[in-house]
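The values are calculated or read from the model by the stated rules, or taken from the named source; none is laboratory data. Note that the structure is a prediction, hence the values are computed from the model and not measured. Cβ sites come from the backbone with ideal geometry, for glycine too, and all protein chains shown count toward neighbours. Each accessible area value is taken on the protein alone, full model and side chains, heavy atoms only, with ligands, DNA and RNA left out. Shrake-Rupley method; radii C 1.70, N 1.55, O 1.52, S 1.80 Å.
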Amino acid sequence: MGKVVKLLEKILDKVESDVTIELEEISFCKKYGHEICIMRLVGKNIFPKMSAEEILSNPKARAGLSKEDLITISQLDMQIKFKKNRLHVVEFERNGTVVLENEFLEKKRYSEKVISKDPVLLNQLNGNDSYRIGYRIGFKEGLSTAKQKQNALERFFGRFLK
């Protein structure tokens, strides 16, 4: 990433002040695993590819951008950072544990109850996965409550049947 920033700085140093930078396109890059910005130097036939983070960290690149492009790039950077912190459910297990996976394909096993009580983990899950975990916990709690009620009723009526 550093090489691209240095290259763009050299290009920007040589470019006249009337030449600005435009956001040409946003496209997915397999190398980075997220979207990148394809920039265009107005008046030149140069299209450097940079991540949103690289653009926002380079004052010279930001100076040549329009407000609309800066807003778009900032929003893209926030979306990428948000996606990097996301977890998704890979597997539900019968013993009440859940296997979660992050963007880097690292897997960790958590108890359903631990996830339901940890706000940081809940915020990293998407809505559908957190709903499924909550439903599973509620269903199990409902079953155990129903069994407890049934056992209590059997004990109560068992006294009269003897």
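Scan the stretch 36-78 for residues that are under 30 Å from Ile115 (Cα atoms) and either without any contact (Cβ under 8 Å) to a residue 12 or more places away in the chain or not in a helix (DSSP H, G or I) (or both) and the total you get is 2. Restrict the check to the stretch 99-112 and report whether at least one residue is in a helix (DSSP H, G or I) and either farther than 30 Å from Val42 by Cα or open to solvent by 60 Å² or more (accessible area, probe 1.4 Å) (or both). Yes, because at least one residue in the stretch 99-112 is in a helix (DSSP H, G or I) and either farther than 30 Å from Val42 by Cα or open to solvent by 60 Å² or more (accessible area, probe 1.4 Å) (or both).
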